[in-house]
Amino acid sequence: MADLFHELLKPPGSADPRSNDKAYTTDPVALEYLSTLASMPLSQIESSEHQSLAQSSHSLLLSLQALSKRSHKSIINSAANHSHLRTTLPALAASTNDLTNAIPKLDNEAVRFSSTYNKSGDNEILNARKRALLLSRNVERLVDVLDLPTLLSSAISTGSSAPATNYASALDLNAHTRRLHGLYADSPLVTSVSTQADEAMQAMAKNLIMSLRTPGLKLASALRTTSWLRRVVPDLDSAGAAGNGGGLGALFLVCRLSTLVNMLAALEPLRELAEQERTRQQQKPVGSSWSGGQQTERYLKRYIEIFREQSFAIVSMFRSIFPVPTNEATPRTGDCDPLQPVPSALSTFPFHLIEMLMETLRIYLPTVKDQPSRDSLLTQVLYCAGSLGRLGGDFGILLATIDVGEEAEDEWVEVVKRHRLMAGRLESIVSFHFVAGLGSGTLSAVLLQPFDLLKTRVQQSGSHSIRAAVRDIAKSPNALTAFWRGTVPSALRTGLGSAIYFTTLNVIRQRATALPFATVPVVDARQSSSSLPKLSNTANLIAGAVARAFAGFILMPLTVIKVRYESSLYSYKSIAGAAKDIYKAERLPGFFAGFGATAIRDAPYAGLYVLSYEQFKKRLSSLHFPNSGTHAHAQSRASMGSSVSATINFISGALAGATCSFISNPFDAVKTRIQLQPREYRNMVQACRKMVVEEGIRSLYDGLALRMTRKAMSSALAWMVYEELIRRA
């Protein structure tokens, strides 16, 4: 049946029917369609086949349109490329023939190149390329080597900010450069880098030498600088730190001497005024009186003060940096070497210093004719000689060579005697202050221990009730001795603390009297209840704070033991047991628990106390001696009796103690909590916040009445006893 429809599918106007027949008979799609058409009923062919063919024709048309739209450019390009194949293929054939002819020539050239530039042969171009390749591979290392002088100079230039780090880096860089120079001594590059490194090290040596000339040079800085110089310039001190200094010691003395000369040269304006006075004195007629010398005295006082400070610092610093070798360490030359070891530069240096001072005194001291001024200058020179005498350079005997005139020789003898007497009593005075402080502190601690015990119990409990604390202590088997529980550690702490405090305070106040801004003028010492130095308010405040902080730090372990021994939270049976328990539980920091709060409490307290105590004494003394112009009244108050001075000192101490106790009580309450419960109250800020939040602001003033009473009484007793002992010494 399909064959019957075959004729219908032939396109109209076919020129070759046989070719069409062959094409359509072999087309599987056409045969499949004809088979399907033959199997369809006529009615279906007439009704729907026409519509189906129209839809298929339309779909094919749309597909052809889309294909032509998408692939039009590609088809055009493909057609154009196919048209060029006729000319391209002959050109490709010609290039292939040329390549075939060139390959033998290339082979010949390759053989010639390999024979010419063979690795086993010696070729300049090849060697140059090898060096260039080696350079390119090691360019980063070469850059690092070239950067060595820059890094070295940078480390040296910034050495003043952090010398320990930068100078150590500079020495390491210099050692690395030296190693490179030893390995590659023939390399011009390494030689150039080594030369620049040597120049940088010379600059470092200059910086170190300049630092030795710093006016305020300290021992630690001098030790570091000399150690650097030993490494930078080892030839200066071949014997090292165990020798006598050698060239490095001489360099140190020269630098310090230069600093001393520069400091003395800063007195040139005063020296010119003194020189003018000296010229006027020489020009005055013989026999006429001379009332000048004030400018010369100012110059000499300042000169001697600078000389004393600097000369002592130079010699003591030298002996610390370059210690004298022991006999065992000293090399034995024996008889084989006729030359003895070179002595230290310090052996002759003090003579040069002393000659500088003596020459200045010979020139300008005769200009000063006022007896008190001469006595003051001579005393200052004797102190200078004594300070150097502690280092083996006392030149007091050389003062006899100064010509000050026959009329002044007796004055000088008296001043020397008085100075030697005061120097002999110095150690006994210091010891007496220690004993006086120890006695007054121990007495007040023993008498007032019940108040201290009650204060600790009240601050421990947080109940704010003194009566409850008294009842709790009274319940003990032996109520009387219970109130004196912890007396031994308290007496040790208070006694030793008072001894250290009063001794330190006396030393600070004695030193402060040499400062013009720290002292106040005294109208009449006989109208004062105290024989202690009179200082300004600021000086009293600072002296008291520093002395109390120092004593508190030393006695902090005893303070912790005392507080815990007094507390009911711990059942210590002995002081040794308390110390062992604290060390076992908390180690060494446990003995310093609460030091921050203690220092903040005690330092301001002591400073304010000394200031208030001196002011109260001044006011009470003025009330006892009111201003009066009558001669009889002035004679009646010429001197203050012992009982009056003791009363004034006692009242002043009590008022000052009560006032300062009120101010510092919050710190004492916080300190007690930290020392009793260090795990719950870790530091001062946390403890203060915890107490205020949990117990209110009143907890900071627990035990205030007891503490004010105890502090007022203990301060009054301690200072009264101390002042009277010093007054009667």
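Taken together, the values in this text are just the output of simple stated rules run on the coordinates, not laboratory data. As the structure is a computational prediction, the values presented were derived from the model and not from experiment. All Cβ positions, even for glycine, are placed from backbone atoms using ideal geometry, and neighbour counts span all protein chains on display.
What the table below lists for this structure:
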quantity: Order by protection proxy (mean Cβ within 10 Å, highest first), peptides 373-381, 105-113; calculated: 373-381, 105-113
quantity: Distance in nm between pseudo-label sites at residue 113 and residue 91 (7 Å out along the Cβ direction from Cα); calculated: 2.8
quantity: Using a Förster distance of 41 Å, the FRET efficiency for residue 135-residue 106 (Cβ separation, nearest 0.05); calculated: 0.80
quantity: Alpha carbon centroid spacing (whole Å) that separates region 170-203 from region 54-93; calculated: 78
quantity: Peptides 71-81, 681-691, 359-369 ordered by average Cβ neighbours within 10 Å, highest first; calculated: 359-369, 681-691, 71-81
quantity: Global geometry of region 67-139, whether rounded, prolate or oblate, following the gyration tensor of its Cα atoms and the 1.5 cut on a/c; calculated: oblate
quantity: Greater than 30 Å apart at Cα, pairs in 218/301; 218/671; 301/617; 206/301; 475/671; 369/617; calculated: 218/671; 301/617; 206/301; 369/617
quantity: Modelled FRET efficiency - R0 45 Å, residue 198 with residue 592, Cβ distances, 0.05 increments; calculated: 0.30
